[in-house]
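Single-structure report; data block below.
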Amino acid sequence: MNKIIFIILFVSAIYGCTGKISVNKLTIAEGRNIISDSGMVVSAHPQSSRIGIAILRKGGNAVDAAVATEFALAVCYPEAGNIGGGGFMLIRQADGTTDLIDYREKAPLKASRDMYLDASGDVSEGLSTETHMASGVPGTVDGMVNIHSKYGILSFRDVIQPAIDLARKGFPLTDGQAADFNSNRQNFITRNLTPPSFVKDTPWVAGDTLRQESLAQTLERIRDRGRDGFYSGTTARLIVKEMERGNGIISGQDLSEYRASFKDPVLKEYHGYRIISASPPSGGGIVLLQILGMISPYNLKEAGFHTWQSVHLITEAERRAFADRSKFLGDPGFTEIPVDRLLDDNYLARRMSNYSKDSASSSSKIFPGSPLAAVSEETTHYSVADYLGNAVAATTTLNGTFGNSIIVDSAGFLLNNQMDDFSVKPGVPNMYGLVGGEANSIQPGKKMLSSMTPVIIEKDGKLFMIAGSPGGSTIPTSVLQVIINVIDYGMSIRQAVDTGRFHHQWLPDHISYEKNSLDSTNILKLRSMGHELRERNAIGRVNAIMILPDGKKAAGADRRGNNSACGY
Ligand code: GLY
């Protein structure tokens, strides 16, 4: 590579600055907040955004670019990008038709309701997060193969090859990644048979090259054999061997039976916009749409941005939506979910009937409603828009940062710890503090409830925005705030993504807020109304694209990470 281009790529990879760069001899704009005329990819790492945009420039559509970005994230962002996890991809074609592919992990056939409880019936600490038993059957590879075969126009080889090259040749780590690898070093050593490529003798520093030859070989098997390159043959044998080594329960049968599925997204109108998102087994879409439905009758703009009035209103709606989540949401293959009734305007108005604008409710007195009678948090989201008008919003995850930190020996990829997203014991919170009930109990072959909230928004029947976020339980509330920041407060996508956030999830009963996001007067007032407030670290890391009135695309790559947009 030309030395000057290398330096530009290196500097922009480290600092995410805005500028023009050359990828495969193509000139593209890169940065966190660029504007493009045609195609755009916004993802958690500069390398994956570059690979996605190169696929668009090669003539691929948004789905080709999304599949290439997903495989690239498995290489350059192993904190959450994966082939050992799962996710949800939402698609809106240029003609307005929408589709959702659910490639969420499944509980293995040997899973059972009380598998994480000890002899006294208490939760065995770490079993659902740190061990081989924490892994659900991975869904990403089947999801990508299927979505590509339904919508892709380039060959599968074309879209996966850049990830193979990236794994083999290596790429420079960002500063955040160097820190992530260093802080997780001990887990990588103790939980694996041989130290993975993520471990080196001296601490990682930004700009160090990470090469992953075993992962490159696994990706080549997927390139050459499609889903069989993962769910049978060498890769499947290596996964089962890894499970046997660590008392895990994923079997060859689990792998051969795994199938991703296409389903209808959920949608709701909000202040003249149509909000489209993921349906169960993600609860993210329903929680987001319920909150929007509950706050819709109120005038947020008049209440003001981050004032006690607006924070209180949104908090009370969040409290009620998360209470409903705990009871009604789970895998629709196992639990009947009253989706229409949960999103019904009359039901949502009833949920807010005990809302007082002057005082906080107590979560101990807010119960799930009766619609029938009437994340360390690591996940990653990327948004893609192509020159044809197609859009993709995809959120994918291993659950915790680096999943359970267990790498399938000789296959080079991390396993998820997604089983912790089940309700391992009613009333006992998971790693995100979420509590659940029967609807999300463990059963063989069942999918664990997610919070992933990929979103596509239309205005007057036209594509308006693509967004999503990591952050476990804070995913739907992060996405919510970006939506209302744009729709109600009239912010640019850059401001909407970068401004401070807050969050409430019913239990634990407190508002968490980012430093400097709320001023002390509003905090004092909210406390006097009965709210408990706690400052915390970053909430969410949104990657969004907004379509401007002249048809150009504006990126919102969150300042909270090394997120990067590429466009042309
Ligand atoms: N594991 C995070 C989620 O699916 O919500």
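With all protein chains present, calculate the accessible area of ARG225 using a 1.4 Å probe and round the result to the nearest 10 Å².
Roughly 120 Å² of ARG225 is accessible to a 1.4 Å probe.
Classify region 409-459 as rounded, prolate or oblate, taking a ≥ b ≥ c as the square roots of the eigenvalues of its Cα gyration tensor: rounded when a/c is under 1.5, otherwise prolate if a/b is larger than b/c and oblate if not.
Numbers: a/c = 1.97, a/b = 1.02, b/c = 1.92.
Taking the square roots of the gyration eigenvalues as a ≥ b ≥ c, region 409-459 is oblate.
Where the centroid of each part is defined by its Cα atoms, how far is region 236-278 from region 431-448 in Å?
After rounding, the separation between the Cα centres reads 14 Å.
Accessible surface of THR129 in the full protein assembly, 1.4 angstrom probe, to the nearest 10 Å²?
Per-residue accessible area (THR129): approximately 30 Å².
With θ set to phi - 60° and the Karplus curve 6.51 cos²θ - 1.76 cosθ + 1.60, what are the ³J(HN,Hα) couplings of region 421-428 in order, to the nearest whole Hz, using x for Gly and Pro?
7, 6, 7, 6, 7, x, x, 8
Among SER251, TYR231, HIS271, whose Cα sits farthest toward the positive end of the charge dipole of region 211-271 (+1 at Cβ of Lys/Arg, -1 at Cβ of Asp/Glu, about the Cα centre)?
TYR231
Under the classification rounded if a/c is under 1.5, otherwise prolate if a/b is larger than b/c and oblate if not, where does region 174-300 fall, given a ≥ b ≥ c as square roots of the Cα gyration tensor eigenvalues? List each step's numbers first, then the result.
On the way: a/c = 2.60, a/b = 1.54, b/c = 1.68.
Here region 174-300 falls in the oblate category.
For region 360-453, with only Lys/Arg (+1) and Asp/Glu (-1) charged at the beta-carbon, what is the dipole magnitude about the Cα centre, in debye rounded to 20?
Details: 4 positive and 7 negative charges, 75 e Å.
The dipole magnitude comes to about 360 debye.
Could you let me know the centre-to-centre spacing of region 188-202 and region 136-187, using Cα atoms, in angstrom?
19
Going Cα to Cα from LYS515, which lysines come in below 23 Å? Please leave out same-chain ones fewer than 8 positions away.
Output for LYS515: LYS301, LYS525.
What order do GLU220, GLU514 take when sorted by accessible area (1.4 Å probe), most exposed first?
On the way: GLU220 40, GLU514 10 Å².
Reading off the accessible areas and sorting them downward yields GLU220, GLU514.
Which aspartates and glutamates does LYS263 reach when only Cα atoms under 16 Å apart count, and residues fewer than 8 places away in its own chain are ignored?
Counting by Cα, and skipping residues close in sequence, LYS263 has these aspartates and glutamates nearby: ASP99, ASP102, GLU105, ASP142, ASP331, GLU336, ASP340.
Taking the Cα centre of the chain as the origin and placing charges on Cβ (Lys, Arg +1; Asp, Glu -1), which of GLY468, VAL240, LEU26 is farthest toward the positive end of the dipole?
LEU26
Shape of region 354-470 from its Cα gyration tensor (a ≥ b ≥ c, root eigenvalues): rounded if a/c is under 1.5, otherwise prolate when a/b > b/c, or oblate? Intermediate values should be presented prior to the final figure.
Working: a/c = 2.12, a/b = 1.08, b/c = 1.96.
Oblate, because a/c is 1.5 or more while a/b does not exceed b/c.
Can you give me the C-alpha center-to-center distance between region 18-80 and region 511-533, rounded to a whole angstrom?
Using only Cα atoms to place each centre, the spacing works out to 38 Å.
Hey, got the dipole for region 249-339? About the Cα centre, +1 on K and R Cβ, -1 on D and E Cβ, debye to the nearest 20?
On the way: 9 positive and 10 negative charges, 42 e Å.
Value, rounded to 20: 200 debye.
Leaving ligands, DNA and RNA out of it, work out the accessible area of ASP409 with a 1.4 Å probe and give it in Å² to the nearest 10.
Here the residue's solvent-accessible area equals roughly 40 Å².
Top to bottom by accessible area (1.4 Å), largest first, where do ILE153, ILE91 land?
Working: ILE153 105, ILE91 5 Å².
So the residues, ranked largest to smallest area, are ILE153, ILE91.
If you put +1 on each Lys and Arg Cβ and -1 on each Asp and Glu Cβ, how big is the dipole of the chain around its Cα centre, in Debye rounded to 20? Intermediate results must be reported in sequence, preceding the final value.
On the way: 58 positive and 59 negative charges, 161 e Å.
Using only the charged Cβ atoms, the result is roughly 780 debye.
Between GLU220 and SER364, what is the spin-label point distance in nm, taking each point 7 Å from the Cα along the Cα→C-beta axis?
About 6.2 nm, to one decimal.
How do LEU507, LEU255, LEU193 rank by accessible surface area computed with a 1.4 Å probe, from largest to smallest?
Details: LEU507 60, LEU255 0, LEU193 110 Å².
Ranked list, largest accessible area first: LEU193, LEU507, LEU255.
Could you tell me the extents of the chain's C-alpha atoms along the three principal axes, largest first, rounded to whole Å?
62, 61, 45
Given LEU166, LEU90, THR140, which one lies farthest toward the positive end of the charge dipole of region 68-206, if we put +1 on the Cβ of every Lys and Arg and -1 on the Cβ of every Asp and Glu?
LEU166
Give the Rg (one decimal place) followed by the Dmax (whole number) of region 110-156, computed from C-alpha coordinates and expressed in Å.
Taking only Cα atoms of region 110-156, I get Rg and Dmax of 17.8, 55 Å.
The values are calculated or read from the model by the stated rules, or taken from the named source; none is laboratory data. On a predicted model such as this, the values are computed, not experimentally measured, just so you know. Every residue, glycine as well, gets a Cβ built from its backbone with ideal geometry; the counts of neighbours run over all protein chains shown. Side chains included, ligands, DNA and RNA excluded: accessible areas come from the protein's heavy atoms. Shrake-Rupley method; radii C 1.70, N 1.55, O 1.52, S 1.80 Å.
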